[in-house]
1. Take the conditions at negative phi, more than 13 Å from chain A (Cβ to nearest Cβ) and hydroxyl-bearing (Ser, Thr, Tyr) and apply them to B:Thr47. Does it pass?
2. Being surrounded by 13 or more Cβ atoms within 10 Å (Cβ to Cβ), within 14 Å of chain B (Cβ to nearest Cβ), of a type in the set (A, V, I, L, M) and under 21 Å from A:Ala17 (Cβ atoms) is true for just one of A:Met63, A:Met46. Which residue is that?
3. Can you go through A:Asp71, A:Asp105 and tell me which one is within 14 Å of chain B (Cβ to nearest Cβ) and either among the aliphatic types (A, V, I, L, M) or surrounded by 10 or more Cβ atoms within 10 Å (Cβ to Cβ) (or both)?
4. Pairs, please: C-beta under 6 Å, at least 6 apart or cross-chain, first residue assigned by TED's automatic domain parsing to the domain that holds A:Gly86 and among the hydroxyl-bearing types (Ser, Thr, Tyr) and in the stretch A:103-116, second surrounded by fewer than 13 Cβ atoms within 10 Å (Cβ to Cβ) and assigned to a helix (DSSP H, G or I)?
5. For the stretch B:15-53, give me each residue that is among the hydrophobic types (A, V, I, L, M, F, W, C) and buried (at least 17 other Cβ atoms within 10 Å of the Cβ).
6. Pairs needed: first member in the stretch B:14-27, closer than 16 Å to A:Arg69 by Cβ; second member anywhere, of a type in the set (Ser, Thr, Tyr) and surrounded by 14 or more Cβ atoms within 10 Å (Cβ to Cβ); C-beta distance under 7 Å; at least 6 residues apart or different chains.
7. Please report, ordered by residue number, the helices (runs of 4 or more DSSP H) entirely within the stretch A:1-88 with at least 3 residues that are at pLDDT 95 or above.
Amino acid sequence: MSTNSKPWYCGRWAVPATAVLAGVAYLVVGLVGGQRGFALGGFVTMLVVAAGYVLAGRYSETMKGLLDREDERINALDRDATVVMGGVLMVAILALGLIEIARGDDGSPYFELAAVGAVAYLGALLWMRWRR
Amino acid sequence: MKNEVRALRGDRGLSQADLGAALGVSRQTVNSIETGRYLPSLPLAITIARFFETTVEEVFDVDE
């Protein structure tokens, strides 16, 4: 009996690979935009982050669990931490939008970001309501 | 919720790491279950009960 259901995108190398892909994206957009410092700095930083994930996974049970996604408690910790992150991010975005309004601006791009968050939440809620 | 995981593990002379490896979870998770800080999912609770060749009710005190 499996104690967790691991989606196809949650393999052991998913997080390091995502970090490397983000680094490649930084490199490409930096070079396209003529910002070599950003391009190389971003690329190297994300390579270091990817290597850090892999190395930490050898010494930390929590990091290993975050990489291989096979421990339901660590998966739950990751999910709960993500919920906290989302909540803090929404509060920060709304606060920054209000500050922009108080300064006489139109609140952009913070209210657009808040709207994206609200739509994402409602979409996820409906999707999960339908699935579960 | 109280449980008998620590006692059952001790009876069999297993370490938390041994039990974690058998259940497919980390040593930290076994420790968290034993101390009651983490309540396992139903599939994991059943896996634990089957590992110790007993029932979920015998491992986990649902009335506590």
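1. Spelling it out, it is not the case that B:Thr47 is at negative phi, more than 13 Å from chain A (Cβ to nearest Cβ) and hydroxyl-bearing (Ser, Thr, Tyr).
2. Exactly one of A:Met63, A:Met46 is surrounded by 13 or more Cβ atoms within 10 Å (Cβ to Cβ), within 14 Å of chain B (Cβ to nearest Cβ), of a type in the set (A, V, I, L, M) and under 21 Å from A:Ala17 (Cβ atoms), namely A:Met63.
3. Going through A:Asp71, A:Asp105 in turn, just one is within 14 Å of chain B (Cβ to nearest Cβ) and either among the aliphatic types (A, V, I, L, M) or surrounded by 10 or more Cβ atoms within 10 Å (Cβ to Cβ) (or both): A:Asp71.
4. none
5. If the condition is that a residue be among the hydrophobic types (A, V, I, L, M, F, W, C) and buried (at least 17 other Cβ atoms within 10 Å of the Cβ), then B:Leu19, B:Leu23, B:Val25, B:Val30, B:Ile33, B:Leu44, B:Ala45, B:Ile48, B:Ala49, B:Phe51, B:Phe52 are the ones that fit.
6. Within 7 Å, the pairs are B:Gly20/B:Ser26; B:Gly20/B:Thr29; B:Leu23/B:Thr47; B:Gly24/A:Thr3.
7. Qualifying helices (runs of 4 or more DSSP H): A:14-32, A:36-59.
The values are calculated or read from the model by the stated rules, or taken from the named source; none is laboratory data. Since the structure is predicted, the reported quantities are computational estimates derived from the model, not experimental observations. Please note: Cβ atoms are built from the backbone with ideal geometry, for glycine as well, and neighbour counts cover all protein chains shown.
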